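A short reminder: the numbers here are calculations on the coordinates, not readings from a lab. This is a predicted model, so every value here is computed, not measured. Note that each Cβ is placed from the backbone with ideal geometry, even for glycine, and that neighbours are counted across all protein chains shown.
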Amino acid sequence: MPLTIAQKIIQAHLVSGEMKAGTEISIRIDQTLTQDSTGTMAYLQFEAIGVPRVKTERSVAYIDHNMLQSGFENADDHKFIRTVAYKHGIYLSRPGNGICHQVHLERFGIPGKTLLGSDSHTPTGGGIGMLAIGAGGLDVAVAMGGGAYYLTMPKMVRVELNGKLRPYVSAKDVILEVLRLLSVKGGVGKIVEYAGPGVKTLSVPDRATITNMGAELGATTSIFPSDEVTRAFLKAQGREGDYVPLASDEGAVYDETYTIDLGALEPLAACPHSPDNICTVASLAGKEVQQVCIGSCTNSSFTDMMKVAKILKNSGRTVPPHCSLTISCGSRQVMSMLAENGALADLLKAGARVLECACGPCIGMGQSPESNAVSVRTFNRNFYGRSGTASAQVYLVSPETAAATALNGAFTDPRTLGESVDVAMPERFLIDDSMIVPPASEAEAQNVEVVRGPNIKPFPVNVALPETLSGEVLLTMEDNITTDHIMPSNAKLLPYRSNIPYLSDYCLTPVDAQFPARAKQKGGGFLVAGQNYGQGSSREHAALVPLYLGIKAVLAKSFARIHAANLVNSGILPLVFENEADYSALSLGDELAIENARAQVEAGGRIVVTNRTKGTKINTVLELSDRLRKVILAGGLLNYTREQG
């Protein structure tokens, strides 16, 4: 049977199940990555599993999120990650070495391998032909311990790329067009595969931009072929030996197919407050902008930064006083090369504020815009309040559009700049892995002490599912509630990612400031939500903090993939309304109960929820495999894993 690229990799790594869309499978994981925002919790969970050394081919811990050290908390977390990685066989990418996805693409990614990361933008690795999937930290901890990763076999989507991008139109515009076509929930339960003659016109960094933002589709992952373009990139990184050719078979069957004419695209922008709220840059021309931020794991490659530097240099101008321009290179490799060839000086001369090689403003870690500002960013998310300024209007654009806009302090179609700026891929990148620390040998590891700071608190662990779940409806919410709503992740809160009790006072406060106090007063209860609940980050804190607050189940019209998995991992029931009209019939304060809960979960399928206040029954669906039902019955994945030995 002819196979797609993703099916070939899954087949080669299949541990259990069959490759039939909608059924549960498990796959062997070759590589893992964590970052410091999710990594501390993942390593605490890895320790709890009790495996002395990782069993993957390569596991890497990156420090790239919590970089502002205004107190001891972040520095202590970094020390914990450094020592736990050294002890347990994990490579460490030190602070300043770069953003996990950019560095992994440069130094570790291998076509045809599987990569599981505790960051939702792990699919960036698909740009190099990896099957790269974002997941919660506990799933990554289990994979590091040698366990398989379980998922629902996705449907296959083919995006046919024809033609070639015109000057000043870039890979960012390609993925914004895909988001326009599919929406932020159009990729749920699917793998998006790029094909067609247009693929060979895109560099590996271009491809990585597209697969990175595939996370915003809700897709399981996205992937490109591994071809001569891939080989050239790996050769330039001194890793040609890692090259493996990968392509779909002729006649491979896809569930959906879309066609994009690259030559017909123009510069696009995602408008507030969703990555699929797409318009043309030309339609925004002249709108004043107070901030431009260039970088993030989406658009911080060497070629991205060189295009920006050339545009700024060619203008001979400085960014106007009312507009702030920040630059965040994706890796130390990128920044070093810019420093050596003079492009860094060009950025500075144009008035750019050069930040360290880290996620920074993308996750709200600094550079929050002024009140009511228009902020134009090359990032991947523009959720409400994510920038750290609730009143800001955040737009997502390409580096070319961002540079042109910064020069004028107003939205500018880069095609108005005249002659295009072309940047060739280097034949050889500057290679310096001195900021990557190998782990201790097994013998040395015996004497390594893992250091925990006072801010690192035990994480909550659920109990086995009781016979009856009862409590009040503590909050009702609309569609597209993100993990930024559930567990805000601004610069003030990120240092407390290891402190669930502290974070609990901020859970869902962007929706209702009184929610944490109400949840604690009532001793927990139920949440009610609309479509696509939990879209966005892979942060399992969006499940762990509700668990700490006593949340027993979430009733929603639909769930985002990673968040639904994180809820199950925490032993919280993700229940989907069988009849969406029941969503409107639930009110704040309604007393709900799930009676005979264990028997209902064991039976599978329908879960009946009783509204004791209104005397009604609500039919919901618990869409879980036999194994995941056992996880729920055990009170979460950690309990289940321990039971299974």
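Pairs from the table (LYS20/LYS190; LYS113/LYS164; LYS307/LYS349) lying more than 19 angstrom apart at Cα are LYS113/LYS164.
Comparing HIS273, LEU544, ASN455 along the charge dipole axis of the chain, the residue lying farthest to the positive side is ASN455, per the Cβ-charge model. Computed across region 171-277, the Kirkwood hydrodynamic radius from all distinct Cα-Cα pairs reaches 14.8 Å. Selection among LEU348, VAL397, VAL292 by position relative to the dipole of region 272-415 gives LEU348 as farthest towards the positive end (Cβ unit charges, Cα centre). Note: relative contact order over region 280-413, using C-alpha pairs below 8 Å and six or more positions apart, is 38 percent. If R0 is 35 Å, the Cβ-Cβ spacing of ASP479 and ALA599 corresponds to a FRET efficiency of close to 0.60.
Volume of the convex hull of region 272-415 (Cα atoms only), normalised per residue: 90 Å³. Placing a label point 7 Å from the Cα of ASN162 along the Cα-to-Cβ direction, the residues of region 186-225 whose backbone N falls under 11 Å from that point are 197-198.
Using 0.36 nm per residue and subtracting the Cα-Cα separation, the extra length available between SER391 and VAL451 on full extension is 17.6 nm. Helical content of the chain, expressed as a calculated mean residue ellipticity at 222 nm, amounts to -8500 deg cm²/dmol (DSSP H runs of 4 or more residues, -39,500 (n - 2.57) each, divided by residue number, nearest 500). Only aspartates and glutamates eight or more places from LYS55 in sequence, or on another chain, were considered; those with a Cα closer than 16 Å are ASP30, GLU47, ASP139, GLU442. Axis of helix 171-182 versus longest Cα principal axis of the chain: the two differ by about 40°, to the nearest ten degrees. Sites listed here are trypsin sites (Lys or Arg not before Pro) in region 295-350 whose DSSP assignment is loop and whose Cβ has at most 16 other Cβ atoms within 10 Å: ARG317. Answer rounded, prolate or oblate for region 260-299, using the Cα gyration tensor with square roots of eigenvalues a ≥ b ≥ c: rounded when a/c is under 1.5, else prolate when a/b is larger than b/c, else oblate. It comes out oblate by the Cα gyration axes. Ordering LEU430, LEU284 by the number of other Cβ atoms within 10 Å of each residue's own Cβ, fewest first, gives LEU430, LEU284. Each 10 Å bin from 0 upward holds the following percent of the Cα-Cα pairs of region 469-644: 10, 41, 38, 10, 0.
Residues HIS121, HIS13, arranged from fewest to most other Cβ atoms within 10 angstrom of their Cβ, appear as HIS13, HIS121. Rounded to the nearest 20, the Cβ-based charge dipole of region 272-415 about its Cα centre (Lys and Arg +1, Asp and Glu -1) stands at 120 debye. In a reduced charge model with +1 at each Lys and Arg Cβ and -1 at each Asp and Glu Cβ, the chain shows a dipole moment near 580 debye about its Cα centre.
Using 0.36 nm per residue and subtracting the Cα-Cα separation, the extra length available between ASP261 and ALA513 on full extension is 86.1 nm. For the modelled label position 7 Å from the Cα of GLN521 along Cα-to-Cβ, which residues of region 485-509 have backbone nitrogen atoms closer than 15 Å? Answer for region 485-509: none. Please work out how much length the chain gains when fully extended from THR616 to ALA424, using 0.36 nm per residue of separation minus the C-alpha to C-alpha distance, in nm with one decimal. So the extension gain works out to 62.6 nm. For region 530-544 versus region 319-373, the spacing of their alpha-carbon centroids is 29 Å.
The peptide list 191-197, 465-471, 536-542, put in order of mean Cβ contacts within 10 Å with the highest first, becomes 536-542, 191-197, 465-471. Of GLU442, GLU266, the sequence from fewest to most neighbouring Cβ atoms within 10 angstrom is GLU442, GLU266.
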